[in-house]
Structures are given as C-alpha cells and as structure tokens.
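Engineer: The structure's right below; bear with me while I get my questions together.
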Amino acid sequence: MKCHSSVEQSERGESDGNVGATGWVGAGGFIRSSARLRLAKDDTFNRGGSVELQWRITLYPVTVHAQPGILAFPEARRAVEEQARTLHPGPAELAALPRSRGRVLAEDIVADRDFPPFPRATRDGYALHSADLAALPATLNVIGEVRAGSSLAGGLLARGEAAEIMTGAPVPEGADAVVMLEYTARQGASVEVRRAVAAGENLVPTGSEARAGQLLLPRGTRMGFAEIAVAAGVGKAQMSIYGAPRVGILSTGDELVDVDAHPGPHQIRNSNSYSLAAQVEAAGAEPVRLPIAPDDPVVLKHLIEAGLALHLLLLTGGVSMGKYDLVEQVLAQFDAEFFFTGAQIQPGRPVVFGRARSAPGAETATYFFGLPGNPVSTMVTFEIFVRPLLDALCGAPPGKLRFLQARLGAEVRTKTGLTRFLPAQLSGEVDRTEVELVRWQGSGDVAAMARANCFLVVPPDRERLAAGELVSVLLR
Ligand code: AMP
Ligand code: MG
C-alpha cells in the first residue's frame with residue numbers, strides 16, 4: 001500500500017534519499033477508491049546517476065478512503081495540525097497545584113488582587129522623594145525601616161525624609177523612588193545620598209504586572225514552572241485540568257523481546273515502547289504499553305483493536321515495504337482513513353498517519369500513527385508529528401515546532417529531496433552557538449541519539465551545508 005518513489009532507503013545516515021518522481025497516481029496525488037492500490041517496487045535501474053523505478057500494480061478489494069500517499073514534510077505536518085484542530089480534550093478534573101505540571105488548564109486563572117499588591121522595592125536602600133536629590137550629596141532624616149512583609153510605622157514619608165527599605169518591602173506613601181544602599185552613607189539618624197534617582201526608579205508600582213481580575217493563564221495553557229508560579233501567586237492550591245489522554249503504544253516485530261527477557265542471537269530488545277512512553281509522558285499524556293505484537297495479522301489485529309479503544313494509538317515498526325510489514329494492511333481492516341502513508345523526511349520516511357474505528361459502527365474514530373521501527377525514526381517522528389495531536393487531546397492549542405539558528409561546525413553533505421532531522425550536538429557559549437552532527441550508523445543507532453541534544457535540520461533542496469553557515473536546529 002505504501003508507494004515509495006525512491007530507492008528504498010536503509011535509513012542510514014549516508015543512504016540515498018532522492019525522491020525525484022512521485023509514486024502516486026492521479027491528479028493531486030489522491031486516490032479515492034473502494035479498491036486498494038498496491039504499488040510495489042519491482043526493480044531499480046541506475047542510469048547515469050538517476051534512479052528509475054518500475055511499479056507492479058495490484059488491486060485489492062479493501063475499503064480505503066483517501067490515500068494521499070507520501071507528503072513533503074510541511075504538508076505532512078499541516079495534515080496533522082489540521083486534524084489536531086478538530087479534536088477536543090476529555091473531561092476536566094481537579095488537581096492539586098504540584099500535580100498540575102505538564103497538564104493543561106481547564107479553567108481560566110485570573111489575578112485575585114493587584115500584582116504587585118503594593119509598590120514593591122526592587123533594591124535594598126532608602127525610599128525617598130526623588131526631588132530631594134536635586135543637589136548632591138543630599139542629607140535626609142531616616143524616620144524608620146521597612147522590612148519585607150511589613151510597612152512603615154506612621155505611614156507617610158514627608159519631604160526631606162527617608163526610610164531604610166529592603167527588597168520586596170512596600171515603598172511608603174509619599175516616597176517615589178528607592179536609592180540603592182551602595183550610593184548612601186548612614187550617619188546615625190540621617191543618611192547621605194550621593195547619587196540621584198529618577199521618580200519610579202527601583203520600585204514596581206501597584207498593579208503594574210497585573211490588575212485584580214485580569215486573565216493571567218487562559219484555559220488551554222500547559223502548566224510549566226512559570227505557570228505554576230503564577231497559579232501559586234494567585235492562591236490556586238488546586239485547579240481544574242483536563243484528564244490526560246491515554247495513548248496506546250504498540251511495538252510490532254517478530255524479532256522483538258521485552259527488556260526483561262534474554263534475547264536470542266537474532267532477537268532485539270524492545271526499546272521503542274519505553275522511549276515512546278517517556279515521550280508521551282513528557283507531552284502530558286498517559287502511556288499504555290501494549291504487549292509486543294508479532295508480525296502476524298491475527299494477533300496484530302487483536303492488539304490494534306485494543307489500542308484503538310484508547311484516545312490515540314502509536315504503533316512502531318511494520319510500516320515499510322517488507323513482506324512482513326503488515327501494519328497498514330491490518331489497520332485497513334478497521335475502516336482506516338489514511339492522511340499520509342509516508343513523509344519525505346529522514347529519518348522516518350515510512351511514517352503513517354490516519355484514523356480508524358475500533359469496531360464497525362463505533363461512534364468516533366481513533367487517530368493512529370504508524371511510526372517506523374528504527375528507534376531514532378520513532379523518536380523523530382513522534383517529535384515532529386505526534387506532538388500537535390497530543391497537545392489537542394490534552395486540551396492545548398497544537399504547538400508549533402520551534403527552530404533555533406546555530407553555526408554549523410563542520411560541512412554536511414546530503415542528497416536533495418528529503419527534509420532531514422539528523423542527531424546533532426549543540427554547544428557553545430552565549431555568543432557562539434555551534435552545532436555539529438554526531439557520528440551515527442543510521443536510524444537504528446540509539447546510542448548516537450543519546451549523545452545528541454538536538455536535530456540539525458537539512459532542507460530538502462540542500463546538498464551541502466558549509467561549515468560556518470547558519471543552520472536550523474530543532475531541540476529535543
Ligand atoms: P521495521 O520498521 O519493522 O522494519 O523495523 C526497522 C528496524 O527497527 C528493525 O531493525 C527492527 O529490529 C527495529 N525495531 C523495530 N521495532 C523496534 C522496537 N520496538 N525496539 C527497538 N528496535 C525496533
Ligand atoms: Mg518489523
């Protein structure tokens with residue numbers, strides 16, 4: 001069902017990623033049919049550096065809605081964002097403040113009073129009338145002390161007077177500025193001030209950060225540490241948050257064994273279920289690890305059915321062109337609608353996105369991603385495609401990818417045609433951020449991925465990125 005239009009990549013870093021011709025038939029690349037079209041690669045010829053493919057076409061009597069096929073990265077991303085916009089979170093629940101981390105607000109949080117609630121001193125020093133410092137040095141009468149959490153006894157500060165004040169304390173009425181302790185010399189009941197201050201200096205006026213009743217965190221805000229501080233500041237010991245969506249994780253492959261099993265000589269430990277669970281949790285959702293599915297259509301079908309009963313299903317493996325890559329075929333039995341069956345990216349090109357019903361007649365369809373089995377591909381495709389959908393299921397507006405710019409440490413050469421997200425190391429100081437690829441053996445190399453702290457993004461039209469060039473980086 002997948003129709004790759006290029007040489008089937010081994011997904012190694014150095015492999016050919018040229019996708020010159022499209023393998024999809026029909027205007028606009030869409031096929032709407034009650035029959036499934038399988039385009040299988042028959043043979044490849046290498047003629048003078050260009051690759052040509054011949055296709056064997058087989059029609060299967062399976063109901064498949066739309067098959068948009070293999071999309072360029074921006075279109076694939078847009079397809080996910082479009083679907084994400086139609087989604088709604090589950091019911092809200094009450095959460096204690098510390099439990100809100102990473103979750104999404106189901107209520108607006110407003111300022112319960114002015115912030116700051118009093119004119120707050122931002123320096124240790126003396127509160128005074130700035131106009132008293134017209135001639136320097138100026139000597140003022142010290143009439144008292146204001147500590148954080150207290151106020152000036154007697155209240156008002158008259159002209160010619162000063163009050164010793166600490167950071168965070170309320171500036172007394174009458175005073176319009178604070179002079180820093182460093183520019184003063186105390187002599188008993190008076191203070192000599194050596195430097196002028198402007199009105200308003202070293203204080204934050206009442207209500208200047210927020211007015212009582214002002215919206216601080218709208219519903220849909222994801223709670224990070226700053227948001228938690230805001231909620232704490234307005235006295236929200238508990239708040240309404242959306243329930244975490246339950247995300248099924250289904251690793252497929254005959255070669256897989258679980259982490260606690262002793263692998264045979266040709267078996268591989270299942271790492272994807274664990275890395276994905278970590279990514280799902282970091283995205284504020286609840287991972288549900290399903291048992292490993294063998295490349296057997298009957299068992300796979302049962303496990304997919306269980307996964308489609310959750311809020312989102314993430315499958316790994318079984319989405320390439322191999323004889324035992326059965327995921328799409330089995331999904332089609334659940335009346336699946338595919339939004340794309342591949343993306344022009346590396347790693348992760350065979351990625352699949354769609355929705356299906358756990359049972360014929362089920363009220364709603366469940367979205368699924370078929371992520372490629374190679375562990376780095378799984379990680380990358382989660383970050384660039386799954387996150388916006390998870391945001392929406394969590395109740396947040398689908399987030400945008402945020403790219404940084406950094407100087408490239410060493411030249412990178414690739415083939416054109418794919419947007420590449422290559423494991424890289426971002427390093428350097430404030431004024432010189434540099435990025436370099438990590439050495440890797442391709443998209444199975446998890447150890448390389450663990451040495452990386454970002455992805456270097458290579459646009460599809462670039463064959464060479466020169467050392468010293470400003471390049472795009474996606475943080476991980
Ligand atoms: P596939 O996408 O099924 O063709 O798998 C591609 C590669 O990824 C194979 O080398 C698999 O052994 C490996 N792989 C697939 N699933 C997993 C998994 N859950 N954990 C670790 N490696 C995997
Ligand atoms: Mg497999």
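The values are calculated or read from the model by the stated rules, or taken from the named source; none is laboratory data. Model, not experiment: these values are computed from the prediction. Please note: Cβ atoms are built from the backbone with ideal geometry, for glycine as well, and neighbour counts cover all protein chains shown.
Engineer: Counting only residues that are under 8 Å from PRO423 (Cβ atoms) and more than 16 Å from ligand 1 (Cβ to nearest atom), how many does segment 436-453 have?
Structural biologist: 4
Engineer: Quick one: THR63 ticks every box in (1) within 22 Å of LEU389 (Cβ to Cβ); (2) modelled with pLDDT under 95 bar one, so which box is it?
Structural biologist: (1)
Engineer: Being within 30 Å of ALA282 (Cα to Cα) and touching a Lys or Arg at 6+ places or on another chain (Cβ under 6 Å) is true for just one of MET180, MET223, MET166. Which residue is that?
Structural biologist: That would be MET223, the only listed residue that is within 30 Å of ALA282 (Cα to Cα) and touching a Lys or Arg at 6+ places or on another chain (Cβ under 6 Å).
Engineer: Right, here's the next one. How many residues are among the aliphatic types (A, V, I, L, M) and within 16 Å of ligand 1 (Cβ to nearest atom) when one looks only at segment 360-409?
Structural biologist: 5
Engineer: Moving to a separate point now. For segment 130-151, does any single residue satisfy the condition of being modelled with pLDDT of 95 or more, assigned to a loop (DSSP other than H, G, I, E, B) and crowded, with 19+ Cβ neighbours inside 10 Å?
Structural biologist: Our first condition is that a residue be modelled with pLDDT of 95 or more; within segment 130-151, this holds for 130-151.
Imposing the further condition that a residue be assigned to a loop (DSSP other than H, G, I, E, B) reduces the set to 134-137, 147-151.
Within this subset, residues satisfying the condition of being crowded, with 19+ Cβ neighbours inside 10 Å are none.
Scanning segment 130-151 turns up no residue that is modelled with pLDDT of 95 or more, assigned to a loop (DSSP other than H, G, I, E, B) and crowded, with 19+ Cβ neighbours inside 10 Å.
Engineer: Could you list, in sequence order, all residues of segment 257-292 that are touching a strand residue (DSSP E or B) at 6+ places or on another chain (Cβ under 6 Å), in contact (Cβ under 8 Å) with a residue 40 or more places away in the chain and within 14 Å of ligand 1 (Cβ to nearest atom)?
Structural biologist: ASN272, SER273, LEU276, PRO287, ARG289, LEU290, ILE292 - these are the residues of segment 257-292 that are touching a strand residue (DSSP E or B) at 6+ places or on another chain (Cβ under 6 Å), in contact (Cβ under 8 Å) with a residue 40 or more places away in the chain and within 14 Å of ligand 1 (Cβ to nearest atom).
Engineer: Any residue at all in segment 266-278 that's within 16 Å of ligand 2 (Cβ to nearest atom) and loosely packed, with under 14 Cβ neighbours inside 10 Å?
Structural biologist: So far as segment 266-278 goes, yes, one or more of its residues are within 16 Å of ligand 2 (Cβ to nearest atom) and loosely packed, with under 14 Cβ neighbours inside 10 Å.
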